[in-house]
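Note sheet for the following structure.
The values are calculated or read from the model by the stated rules, or taken from the named source; none is laboratory data. What you are looking at is a predicted structure, and each value in this text was computed from that prediction instead of being measured. Neighbour counts are summed over all protein chains in view; Cβ atoms, including those assigned to glycine, are modelled from backbone coordinates with ideal geometry. Side chains included, ligands, DNA and RNA excluded: accessible areas come from the protein's heavy atoms. Shrake-Rupley method; radii C 1.70, N 1.55, O 1.52, S 1.80 Å.
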Amino acid sequence: MPARRDFVEQGTALEAPKVSETLYRSIVEMLPNAIVIIQPDGSITAANSQTLDLFGLKSLSDFLGRNVFDFILPEERDRVESDLGRVAMSEKLHNQEYRLLRKDRTPFWAEVSGYLIPGTGEKPKGILVTARDISKRKSMEENLRNLSVTDELTGLYNRRGFSLAAEQELKHAHRTKADLVLFFYDMDKLKAINDNYGHAEGDEALKAAAAALRSTFRASDIIARWGGDEFTVLALDVPKGSISVLQHRFDETLERLNGAMGMRYRISFSVGMARCDFEHPLMLQEMLRIADAAMYRKKLGKRIR
């Protein structure tokens, strides 16, 4: 008879002040992602039932006590080992993408986050890892590449590619009540660069801008050249307090870029944004409209046409 598919702990007791153990277990089981607790050496000490579905298991007894590296593609081991080492040193692991292995040894893509569980003394209780299957998204990304949905000049998504990928992430965010932010960037004075230095130089400026966006945002965020001198970014899982951090990081990246390239002109942007959270869910077209309007107000404030 299959073991009960509930949250099982072996050797690790999670403390949940003011919350009963039964309620705590219920909350963990209702979460959409797989939740696993591992020790710094990789041994698995706890998991919820969503883990069974993720790895194609029938019972948690097939999972608990094993080493997490048994379920990781060998080519990914060094990177995962390095990332877990950083988590063990109190750093967070946020939305990293790895190729994992199901019980039948078929590989799949997962988006993984990790957090250190503090102990009563210096020794931590373990590392809490959350994971979700993103194989469909990865497959879709591969299909999108084959459907010519990338911008030839910058290598980013083009408008069609961005719309398809962003719609999928919005659907997921609406189900999981995650927060998303859409940024709409418009390069300042690209026409002047083209007029004064030629379109080839304007193309180089656009490629440099694309590189700055890639350096600022995560690999899991969706970045596109919307058209001409406009770029869009759908940033995933962005808390309210992190928006200014992202904007400041982009400004710093542009400053380094302008200094390193020794350009006869400066690359700068006007930017607008729209936020979608579970209290105020928005469709993609509405987010684009709000962000575009906010960007245009910024552009007018700079007296740039």
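The table that follows gives values for the structure above.
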item: Boolean, L300 is within 19 Å of L164 (Cβ to Cβ) and not in a strand (DSSP E or B); result: no
item: Near pairs, Cβ below 7 angstrom, 6+ apart or cross-chain, from region 180-208 (within 30 Å of F278 (Cα to Cα)) to any residue that is open to solvent by 10 Å² or more (accessible area, probe 1.4 Å) and part of a loop (DSSP other than H, G, I, E, B); result: D186/D229
item: Residue in region 89-102 that is more than 24 Å from the chain's Cα centre (by Cα) and at pLDDT below 90 present; result: no
item: Failed item in (1) on the phi > 0 side of the Ramachandran plot; (2) open to solvent by less than 20 Å² (accessible area, probe 1.4 Å); (3) not hydrophobic (A, V, I, L, M, F, W, C), with S90 passing the rest; result: (2)
item: Enumeration of residues in region 47-60 that are more than 15 Å from F108 (Cα to Cα) and surrounded by 13 or more Cβ atoms within 10 Å (Cβ to Cβ); result: A47, N48, S49, Q50, S59, L60
item: Filtered residues of region 267-287 (kept if closer than 25 Å to D203 by Cα and surrounded by fewer than 14 Cβ atoms within 10 Å (Cβ to Cβ)); result: none
item: The one condition in (1) at pLDDT 90 or above; (2) of a type outside the set (V, I, T); (3) closer than 20 Å to K299 by Cβ that E252 fails to fulfil; result: (3)
item: Unique match (being in contact with a Phe, Trp or Tyr (Cβ under 8 Å, 6 or more places away or on another chain) and aliphatic (A, V, I, L, M)) among A192, A211; result: A192
item: Where a residue in region 237-264 is farther than 20 Å from K189 by Cα and open to solvent by 90 Å² or more (accessible area, probe 1.4 Å) and its partner, wherever it lies, is in a helix (DSSP H, G or I) and among the β-branched types (V, I, T), with Cβ under 6 Å and at least six apart; result: R249/T216
item: Single residue of R218, R249, R266 found to be over 19 Å from the mean Cα position of the chain (by Cα) and among the basic types (K, R); result: R266
item: Helices (runs of 4 or more DSSP H) lying entirely in region 109-226 (those with 2 or more residues that are open to solvent by less than 10 Å² (accessible area, probe 1.4 Å)); result: 159-176, 199-216
item: So I290, is it outside any helix (DSSP H, G or I) and either open to solvent by 40 Å² or more (accessible area, probe 1.4 Å) or modelled with pLDDT under 95 (or both); result: no
